[in-house]
Structures are given as structure tokens and as C-alpha cells.
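The values are calculated or read from the model by the stated rules, or taken from the named source; none is laboratory data. Since we're looking at a predicted model, the values are computed, not measured. A quick note on method: Cβ atoms are made from the backbone with ideal geometry, for glycine too, and the neighbour counts reach across all protein chains shown. Surface areas here come from the heavy atoms of the whole protein model, side chains and all, with no ligands, DNA or RNA. Shrake-Rupley method; radii C 1.70, N 1.55, O 1.52, S 1.80 Å.
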Amino acid sequence: MKSKTSIVKKVLDDTHLTLLFPNMSIETKEQIVYRRNGKTIDKVIEFDAKTGSKIKTTHYDYFDDKKIRSIDEFDRESGKKIRTINYVLYKSVDEYDLESGKKIRTINFNVKDETKISSIQEYDIDTGKIINVSIYKRDGKTISIIKRIDPVTEKVTNWVNNDTKNPLEPVKFATRSYDNIKMMDKEEKEDIAKLIDNLYSNAF
């Protein structure tokens, strides 16, 4: 595959890179990698022109190099991948742990409306298996069902159906677009876990 390199100045407005470098203008170097035919683009790799750190890789569809297949975003300091945005069939976002490099969460969006979350899967870092599944209602904001899964047996250990007069508050993800989604901190996770446990115990 052939490659071509150019340097461009990017103002990071309304792009996924604003998650990494808010309120910044940065000079980046782009490396365009072509497929074997030398005509269609396979991917575009973006680097920080000053540090040389890879910050973003955009992969294009094999049959249409104007259509984005997925985007990988990298931590500016460590160079490790922090998320992958997939556009195959429907939009989904995989997020990774910076220390281990393993996938920790997948956010799936509605097929017809990619501003609405349909479900979120959380993974056990040690086994890589799903340990938590949150299924959202049609509004893409309210959690409908939460399932906890044992990573060893892969059996559901807790099941909460959120069809009550006082629904659970969803995790504070974006309500309109992916750009506003942020990682949930440890305290928020613990609060949600306690709330789930209380609801589950009161149901019996």
C-alpha cells in the first residue's frame, strides 16, 4: 500500500478530537495510506506535528473510500487507543482502559437515530467478558433494563426491570450526540450499584 504525508492545521471544532484536546488548535501531520490499487484510500493517520504522537486513524470502506468505516482515537500522552467509533451497520463506540489497553465498555446507538443510546455493555478487564448490560428505552435516555452477568459462569446474577413510577436516573451520557459522552467516575458507578442492589432486594 502506498502512503502520502501532508501537514495541515486543524481547528478542532465539532470533531471527536475535541474530546482529547478541548479548546485547542493543533498542527497535525496526515499520512494517507492507499490500497494496493494505489487509487482508493484505506486509512488516514493523524499525528501531532510537534510531538509525533498518533492521535487519530480514520478507516474507510473498502468499496467506497468516501464512506468512513471506523475511527480510532488515541491518548496524546501515551499513544494508547482510548476509543473506536464504528459505523458498520449502526454506530457504536468501544472504550478502552489506558493501563491495560483492554476494552471496558461498548455504547450502541439506535439504528435509525444515532443520537440515541440503545444499550451499553461493560466488560470485565481480567476476562474480557461482559459483566453489565444496560438497555435503554426508545427515548435513548432512560434505562429500561439492567443485567449483571457473572464473568466466570456467564450467567445473569441480577436483573432489574426499570418499569416503575420512579425510574432509575440513567448514567450521565450525552442526550443529543456522542461528543458529550464522558466516562463515569468511580463514585457514580458505586452509587448506581447500590441503587440497583436496593431495588433488587426490595423486589422480593
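Structural remarks
- Taken over the range 120-144, residues that are outside any loop (DSSP other than H, G, I, E, B), among the aliphatic types (A, V, I, L, M) and open to solvent by 30 Å² or more (accessible area, probe 1.4 Å) amount to 3.
- Against the numbered list (1) open to solvent by less than 50 Å² (accessible area, probe 1.4 Å); (2) closer than 26 Å to residue 80 by Cβ; (3) modelled with pLDDT under 90, residue 193 comes up short only at (2).
- Looking only at the range 95-119, and only at residues there that are β-branched (Val, Ile, Thr) and under 26 Å from residue 76 (Cα atoms), the one that is surrounded by the most Cβ atoms within 10 Å (Cβ to Cβ): 107
Yes/no per residue for (1) among the basic types (Lys, Arg); (2) at pLDDT 95 or above; (3) open to solvent by 40 Å² or more (accessible area, probe 1.4 Å):
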site: 24; (1), (2), (3): no, no, yes
site: 27; (1), (2), (3): no, no, yes
site: 31; (1), (2), (3): no, no, yes
site: 43; (1), (2), (3): yes, yes, yes
site: 69; (1), (2), (3): yes, yes, yes
site: 72; (1), (2), (3): no, yes, no
site: 75; (1), (2), (3): no, no, no
site: 79; (1), (2), (3): no, no, no
